[in-house]
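Colleague: My questions all concern the structure below.
The values are calculated or read from the model by the stated rules, or taken from the named source; none is laboratory data. These figures come from a predicted structure and were not determined experimentally. All Cβ positions, glycine included, derive from the backbone under ideal geometry; neighbour counts span all protein chains shown.
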Amino acid sequence: MLIPSEDIDQTRMAIDDRTRWNQRYRSGDAPRGDRPNRWFAAQHAALDRVAATLAGQQRAPAALDVACGAGGTVLWLAQRGWHATGVDVSDAALALAAQAAAEAGLTARAHFRHADLDAWRPAPDSFDCITCFFFLERRLWPALRAAVRPGGLLAMQTYTTRWLTTRPESNPAFLLAPGELATLVAGWGWTLLTTGDPDHPSEAVLAQRPAD
């Protein structure tokens, strides 16, 4: 289900981002989005443990994918029984995601929201798992931390400055320092469950918020 946008902040940067990504999705030049993040999908055992705990509490697990693109991770979560929401600035990507959810019969568990990620923030204690892949906005991190419920998971992956050896034209402002995510969640006092391949020019972390 595609949720109508609510008071999207129409800043010039947001408009430019939406236009650029809409053009890429409509031209077929955007990254393939019909599959989940591969590293995250390999962490399904941790997800299943959280879902089992919630089932014992008679609660359905809820997930959020930030910068979801065409919704591959959202659909994968919905297929595993999660109620999953994807948020993205590109309405073209979200239209593809909503269509895929309808074709897969997942509209009851897969939802999509059009929003400017420079301004939009999730509500505190609102999700049991939050994911964010290959989208770096450090100003979002405090809100993502607050939005994970006790015992919930946060999964993030994006390129580090090692990417510059392959793509020297990349903007360093959109790249992580090596180990930045692991240091971040350790500083929160969360449990770092796993990290990504250290030989890959990205950092990936799966962390769990302490249960109350």
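Colleague: Free of Cβ contacts under 8 Å to residues at least 12 places away in the same chain, more than 15 Å from the chain's Cα centre (by Cα) and surrounded by fewer than 20 Cβ atoms within 10 Å (Cβ to Cβ): which single residue out of 168, 150 fits that description?
Modeller: Step by step, each of 168, 150 is checked, and only 168 is free of Cβ contacts under 8 Å to residues at least 12 places away in the same chain, more than 15 Å from the chain's Cα centre (by Cα) and surrounded by fewer than 20 Cβ atoms within 10 Å (Cβ to Cβ).
Colleague: Something else about it: So how many residues does the range 41-71 have that are surrounded by 24 or more Cβ atoms within 10 Å (Cβ to Cβ) and not aliphatic (A, V, I, L, M)?
Modeller: Residues that pass the stated criteria total 5.
Colleague: Suppose we filter 74, 50 for residues that are outside any strand (DSSP E or B), in contact with a Gly (Cβ under 7 Å, 6 or more places away or on another chain), at pLDDT 95 or above and over 20 Å from residue 121 (Cβ atoms); which single one remains?
Modeller: 50
Colleague: Give the residues of the range 118-141 that are in a loop (DSSP other than H, G, I, E, B), in contact with a Leu (Cβ under 7 Å, 6 or more places away or on another chain) and either closer than 20 Å to residue 46 by Cβ or modelled with pLDDT under 95 (or both), sorted by residue number. It would help to see each step written out before you state the result.
Modeller: Initial filter on the range 118-141 (in a loop (DSSP other than H, G, I, E, B)): 118-126, 134-137.
So of that shortlist, the ones also in contact with a Leu (Cβ under 7 Å, 6 or more places away or on another chain) come out as 122, 136-137.
Passing the criteria: 136, 137.
Colleague: Let me ask something else. For residues that are touching a Phe, Trp or Tyr at 6+ places or on another chain (Cβ under 7 Å) and of a type in the set (S, T, N, Q), scanning just the range 168-212, find the one that is modelled with the highest pLDDT.
Modeller: Checked the range 168-212; the qualifying residue modelled with the highest pLDDT is 208.
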